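Written out below as structure tokens is the structure these notes cover.
Computed from the coordinates by the stated procedures, all read-outs in this text should not be read as laboratory data. Model, not experiment: these values are computed from the prediction. Note: ideal-geometry Cβ built from the backbone for every residue, glycine included; neighbour counts use all protein chains shown.
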Amino acid sequence: MKFQYNLTAVELLERLGYSKSATEITMLKDDHGKEFPIPQVLQDFFSLAKDSHLFSTADIWVHGTPSFYFLYDEIEEMIEEEKEYWEDGSEEENMESGYYKFYKIPKDAWAVITPNFLEIGSDFAAGIVKYGICVTDLEQPDPPVYMNHECNDIAEWRLWTEHLSDFLIQVLCDVLLCECYRTGEKALKEVGWSLEQVSEDQWKTYPIEMEKTRKVQSLYRADVSCGCIYDEDEKILLLPRKDAQGLNGMLYRKKE
């Protein structure tokens, strides 16, 4: 067996049989036509994952055009929706909207409140959390990812992962572990992979060095850590999943 412990999301997708699309997207435009670069890590991932059924219930947006959005564009849209109500409201009442403070100042001063973000995903179905990359970091090949929760002000974005590549592994692990949805199982069965659950006792049958595994936190559950291990010789993908009850996980095997 030849185990690989630290493959990127792109490398794992390639081993699962996904290939890059002919069209490469290197720049994005906001609603005013201003162009922003796409980080290389996101370019590589997007070229494999765009419109893939594997990510139809994932926390990253890969479907539709455009797939990503800019925070400032979203703020402008919300201002247009709400400003008619502000005309009759008091300053105190209007300030209850997180968008009113942006309305009160020129757009070129918005950075004083919050930087612009390229929004790349949200928690599927609920949509109470958004993930984004600060536009000032977009020239980095593997920039940090930030998170905004709807309970917080729209300007409150906190660091989620130091690197985009870590966020992409989180997304892929959750999809393949079928934590909330069976999307990973269904999508990979269609391209010739079988899936089976792995118990803690079964993990002992594989000569794996768990300490080498790139561990990430599940996006769905804070108490779950997970990772991906690929066996190049046997064409097996192992996904260890650890929570308070112990070690379990999934195994994907390429059918002959």
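When the expected Rg is taken as 2.2 N^0.38 Å, what fraction or multiple of it is the alpha-carbon Rg of the chain? Provide the component values of the computation, followed by the final result.
Numbers: Rg = 20.6 Å, N = 256, 2.2 N^0.38 = 18.1 Å.
Against the empirical 2.2 N^0.38 Å value, I get 1.14 for the chain.
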Over the stretch 152-256, what relative contact order in percent results from Cα pairs under 8 Å that are six or more residues apart? 27
Taking R0 as 35 Å, what's the FRET efficiency between Glu93 and Lys29 from their Cβ-Cβ distance, rounded to 0.05? 0.50
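Once the piece of chain linking Lys215 and Ile105 is laid out straight, how much longer is it, given 0.36 nm per residue of separation minus the C-alpha distance between them? Intermediate values should be presented prior to the final figure.
Numbers: separation 110, 0.36 × 110 = 39.60 nm, distance 4.35 nm.
Gain on extension, Lys215 to Ile105, equals 35.3 nm.
Which value in deg cm²/dmol, rounded to the nearest 500, describes the helix-derived mean residue ellipticity at 222 nm for the chain, given -39,500 (n - 2.57) per DSSP H run of n ≥ 4 and division by the residue count?
That calculation yields -7000 deg cm²/dmol at 222 nm.
With r defined as the distance between the Cβ atoms of Ser52 and Ala126 and R0 fixed at 25 Å, what FRET efficiency is calculated, to the nearest 0.05?
0.70
How much net charge surrounds Ser218 when only the other residues with a Cβ under 12 Å from the Cβ of Ser218 are counted, with Lys and Arg +1 and Asp and Glu -1?
Values: positive: Lys215, Arg221, Arg241, Lys242; negative: Asp59, Asp123, Asp174, Glu179, Asp223, Asp243.
Its environment carries a net charge of -2.
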For each cysteine in the chain, check whether another cysteine's C-beta sits under 4.7 Å from its C-beta; list those where none does. Cys134, Cys151, Cys178, Cys180, Cys228
By how many nm would the segment from Asp233 to Leu159 lengthen if fully extended, with 0.36 nm per residue of separation less the alpha-carbon distance? 22.9 nm
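With a ≥ b ≥ c taken as the square roots of the eigenvalues of the C-alpha gyration tensor of the stretch 160-202, please select rounded if a/c is under 1.5 and otherwise prolate if a/b is larger than b/c or oblate if it is not? Display every interim value, and only then the final one.
Numbers: a/c = 2.50, a/b = 1.51, b/c = 1.66.
Oblate shape, in that a/c is at least 1.5 and b/c is the bigger or equal ratio.
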With respect to the cross-link table entries Lys107/Lys215; Lys34/Lys101; Lys29/Lys254; Lys20/Lys215; Lys20/Lys186; Lys34/Lys215, which display a Cα-Cα separation exceeding 30 Å? Lys107/Lys215; Lys29/Lys254; Lys34/Lys215
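Work out, step by step, the length gained on full extension between Ile79 and Lys189: first 0.36 nm times the residue separation, then minus their alpha carbon distance; give nm to one decimal. Please report the intermediate quantities before stating the final value.
On the way: separation 110, 0.36 × 110 = 39.60 nm, distance 4.51 nm.
Full extension of this stretch gives 35.1 nm more.
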Would you grab the residues whose amide H sits under 5 Å from the one on Tyr69? Only those 5+ places off in sequence or on another chain, please, with H modelled 1.01 Å from N. Glu119
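Only four residue types carry charge here, +1 at the Cβ of Lys and Arg and -1 at the Cβ of Asp and Glu. Report the dipole size of the stretch 1-117 about the Cα centre in Debye, rounded to the nearest 20.
Computed charge dipole of the stretch 1-117: roughly 1140 debye.
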Inter-label distance for Thr65 and Glu14, nm, one decimal - labels placed 7 Å from Cα along Cα-to-Cβ: 2.6
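Which whole-number percent gives the relative contact order of the chain, counting Cα pairs below 8 Å spaced six or more residues apart?
Working: 415 pairs, mean separation 51.6, N = 256.
Over the chain, the number comes to 20 percent.
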If every Lys and Arg gets +1 and every Asp and Glu gets -1 at its Cβ, then about the Cα centre the chain yields a dipole, in debye to the nearest 20, of 1580
